[in-house]
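First comes the structure, then the notes that go with it.
The values are calculated or read from the model by the stated rules, or taken from the named source; none is laboratory data. Please read these numbers as outputs of a predicted model, since none were measured by experiment. Accessible surface is based on the protein model in full, side chains and every heavy atom, while ligands, DNA and RNA are left aside. Shrake-Rupley method; radii C 1.70, N 1.55, O 1.52, S 1.80 Å.
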Amino acid sequence: MFEFENEVRRWRSALDRRSSLAPRELDELEDHLRARVDLELELDAGLAPTEAFAIARRDLGEPKALSREFARAGRPRWKPLFAGALALYSASLLLPVLYIPLPWNNDWTVWGYEMLIDREWVLFNLPMLLVLPFIWRCRRSKGTWLAGILGIIGVSTLGLGAAAIISNGPEALGTLRPGYWAWAASFLFASAALWLRRRGWASARPKKTLA
């Protein structure tokens, strides 16, 4: 027996699993679906509810197509994250990253810009340096590998910092300076931005257009 509310819930659940739509976007599509079913039944009194539902669901489109349409009409969610990644990474270059006490009382502070040009750290910085040209030149469907590398670096460095604090206490906070945390967090922000860009996630709010 056809139960309209159960079918709507199943349709919404499947759409949620197979698309990158946010709850607000799903709400909007559900409203469209219900309105379309009502319209079909009003236009054709002999139409069965199950047929009206099938027509409305077909006309709304497939999950991937709906995700693309919302991505075109909405505000890209990856852009604020990408801006945050660039801001954190740029700030880390101007901040102290490590403070290393030396036995001969000549303490050594490592600054972010020194990590950028240091040969031992260049491999860690290279993925972040690739993000900007990658976003400009590559299609949205690409970027999984770079997002994965950035995520691994971000999680690893933040995890190591947290482990150092747990094992060494306040001394670790004195060693890991603000630049370290900004540097590590920037990789996570960039990874999330690339992932959202690839999925085509957009806000339910429409983009601003010039009058």
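Amide H to amide H distances under 5 Å link Trp111 with Val97, where only residues 5 or more positions off or on other chains count and H is placed in the peptide plane. Once all protein chains are placed together, Thr144 keeps about 80 Å² accessible to a 1.4 angstrom probe. When the Cα gyration tensor is reduced to axis lengths a ≥ b ≥ c, the ratio a/c is 1.5 or higher for the stretch 83-132, and with a/b not above b/c it is classed as oblate. For the pair Ile152 and Leu98, the difference between a 0.36 nm per residue extended length and the Cα-Cα distance amounts to 17.4 nm. Only protein heavy atoms count here; on that basis, with a 1.4 Å probe, Leu130 has an accessible area of about 70 Å².
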